[in-house]
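A.B. asks: Please see the structure below; I have some questions.
Read-outs throughout are calculated quantities, based only on the coordinates presented, and are distinct from any laboratory measurement. Note that this is a predicted model, so its numbers are computed, not measured. Methodologically, a virtual Cβ is constructed for each residue, glycine included, from the backbone with ideal geometry; neighbour enumeration extends over all protein chains shown.
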Amino acid sequence: MVLGWIPVTTQVLVGAGPAMTALRALIERVAEPRTTVLVTGESGTGKELVAKAIHDLSPRRANKFVAVNCAAIPANLLETELFGHVKGAFTDASRDRVGLFEEADGGTLFLDEVAEIPIALQSKLLRALQEGEVTPVGQSTPVRVDVRVIAATLRDLPAEIAAGRFREDLYYRLAVVPLVLPPLRERPEDVPELARFFLARHAQRHGRPAVELTDDAAAALAAQPWPGNVRELENVLERALVLAEGPVVDVAFLSSVMTMKPAAPPTPTDTELSIKKATRELEAGLIRRALGVTQGNRTNAAKLLEISHRALLYKMKEYGIS
Ligand SMILES: Nc1ncnc2c1ncn2[C@@H]1O[C@H](COP(=O)(O)OP(=O)(O)OP(=O)(O)O)[C@@H](O)[C@H]1O
Ligand SMILES: [Mg+2]
């Protein structure tokens, strides 16, 4: 039964255009079997939302959905995060630690930014997927796990394979069913419905009265390129809702909202001489500016900042930048 959207505990997958309709049908078909699914798409296209929708429609829905962002965890810690470790496995291991595979037993493990898993660890992941068992660091016997894996990436995995950064066998194992989320600019027909959905959702969240979007304003939104995809659209509508002075959002008001720039970073005063603190502030400010310039696209922001995508995500987490 399709109602134009799938209820997913607290969230819904909005969009009645052909791309979203086809995607929804595919989600319903892959939800039941334990098949591994690979969700690809640009930043902000809804990859995590889709992974959650698959879990919530699957027979595993009563069990855990465990999400891990492989780019946000330092490479040397990822193995113990995923597979766990036993007491004494290394200096800091003062007790056993259950890995995320075991934590997701009976449920779904969402491996976000899967392309960032170091190549040395990829073979261990492949083994876990093939054998259905994991071996915690420092332990000799494997543990059986019943986990459905959904992976996501914004990278072009065939290109990563060609560059020697991703194992081809792992790619085929992950992409048993590939789900491709088209960028928002390729499905402008979904923009008005998404925009009205976000306006209503944020009105509710902020305890504000409902605000209406004029048809002209909806059409203007649909004509935008949205490099940050659905997340960027959502942010614009949250800002519009918060700043709206009346019950209607029209084209004029929208364009004033969309041209607003994030504030400039603070500069250290001469009484503040800590290099460490100033460096952190400078870094956080540059990251915010880069994200502002790229409208939230982290891959492009990392390029501007001349740091790796992984380093950017790590610093964003450290400085509380979302
Ligand atoms: N079809 C949709 N309907 C409703 N909300 C959506 C839809 N697609 C995306 N969103 C919302 O947009 C935001 C971004 O989605 P999500 O986090 O799933 O994207 P993502 O592809 O995982 O992004 P990233 O690559 O940056 O991690 C979320 O708030 C999500 O709820
Ligand atoms: Mg995501």
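A.B. asks: Please turn the phi angles of the range 144-157 into ³J(HN,Hα) values with the Karplus equation 6.51 cos²θ - 1.76 cosθ + 1.60 (θ = phi - 60°), one per residue in order, whole Hz, x for glycine and proline.
C.D. replies: 6, 9, 10, 10, 9, 9, 10, 10, 9, 7, 9, 8, 8, 4
A.B. asks: Quick one: which residues, 5 or more positions from D96 or on another chain, have an amide H under 5 Å from its amide H? H modelled 1.01 Å from N in the peptide plane, none for Pro or chain starts.
C.D. replies: Here the answer is K87, since their amide H atoms fall under 5 Å of that of D96.
A.B. asks: A further question follows. Around F253, what is the net charge, scoring Lys/Arg as +1 and Asp/Glu as -1 over all other residues with Cβ under 13 Å from its Cβ? Before the final figure, lay out the partial values.
C.D. replies: On the way: positive: R239; negative: E212, D216, E245, D250.
Result for the local shell: -3.
A.B. asks: Based on DSSP H assignment, which helices of the chain show an axial Cα extent of at least 15 Å together with a mean Kyte-Doolittle hydropathy greater than or equal to -1.0?
C.D. replies: Once both thresholds are applied, what remains is 18-31, 47-57, 119-131, 191-205, 229-243, 275-293.
A.B. asks: Within 10 Å, count the other beta carbons around each residue, average over each peptide in 207-220, 78-91, and list them highest first. Intermediate results must be reported in sequence, preceding the final value.
C.D. replies: Details: 207-220: 14.1, 78-91: 16.9.
Result, highest mean first: 78-91, 207-220.
A.B. asks: Let me ask another. For labels at L304 and E48 in the simple 7 Å Cα→Cβ model, what's the distance in nm?
C.D. replies: Label at L304, label at E48, 2.2 nm between them.
A.B. asks: Next question. Averaging sequence separations of C-alpha pairs under 8 Å and six or more residues apart, then dividing by the length of the range 275-318, give the relative contact order as a whole percent. The partial results should precede the final answer.
C.D. replies: Working: 25 pairs, mean separation 13.7, N = 44.
For the range 275-318, the relative contact order is 31 percent.
A.B. asks: If amide H atoms are built 1.01 Å from N in the plane of the peptide, which residues on other chains or at least 5 residues away come under 5 Å of the amide H of V143?
C.D. replies: Answer set, sorted by chain and number: V134, T135.
A.B. asks: Let me ask something additional. Give the long-range amide H neighbours of L181: residues separated by 5 or more places, or on another chain, with amide H under 5 Å away, using H modelled in the peptide plane at 1.01 Å from N.
C.D. replies: Residues meeting the criterion, in which the H sits 1.01 Å from N, are T40, G41.
A.B. asks: Once you sort the root eigenvalues of the Cα gyration tensor of the chain as a ≥ b ≥ c, which label holds: rounded (a/c under 1.5), prolate (a/b larger than b/c) or oblate (the other case)? Intermediate results must be reported in sequence, preceding the final value.
C.D. replies: Values: a/c = 2.05, a/b = 1.28, b/c = 1.61.
Taking the square roots of the gyration eigenvalues as a ≥ b ≥ c, the chain is oblate.
A.B. asks: For the chain, what does -39500 (n - 2.57) per DSSP helix run (n ≥ 4), summed and divided by total residues, give at 222 nm, in deg cm²/dmol to the nearest 500?
C.D. replies: On the way: 14 runs with 147 residues, N = 322.
Dividing the helical sum by the residues of the chain leaves -13500 deg cm²/dmol.
A.B. asks: Under the rule a/c < 1.5 gives rounded, and otherwise a/b versus b/c splits prolate from oblate, where does the range 185-258 land using the Cα gyration tensor?
C.D. replies: It is prolate, given that a/c is not under 1.5 and a/b is the larger ratio.
A.B. asks: Which whole-Hz couplings ³J(HN,Hα) result when phi for each residue of the range 59-69 is put into the Karplus expression 6.51 cos²θ - 1.76 cosθ + 1.60, θ = phi - 60°, listed in order with x for Gly and Pro?
C.D. replies: x, 8, 4, 7, 9, 6, 10, 9, 9, 10, 8
A.B. asks: Per 0.36 nm of contour for each residue apart, how much would the distance between R127 and V98 grow if the chain were fully extended, relative to their Cα-Cα spacing? Don't skip to the answer; put the middle values down first.
C.D. replies: Values: separation 29, 0.36 × 29 = 10.44 nm, distance 1.80 nm.
The R127-V98 span can extend by a further 8.6 nm.
A.B. asks: For the range 185-258, what relative contact order do you get, as a whole percent, if you take Cα pairs closer than 8 Å and at least 6 residues apart? Before the final figure, lay out the partial values.
C.D. replies: Numbers: 75 pairs, mean separation 29.5, N = 74.
The value is 40 percent.
A.B. asks: Also, I was wondering about something else. Normalised by the residues of the range 7-182, what does the relative contact order come to in percent, with Cα pairs under 8 Å and at least six apart?
C.D. replies: Once divided by the residue count of the range 7-182, the mean separation gives 31 percent.
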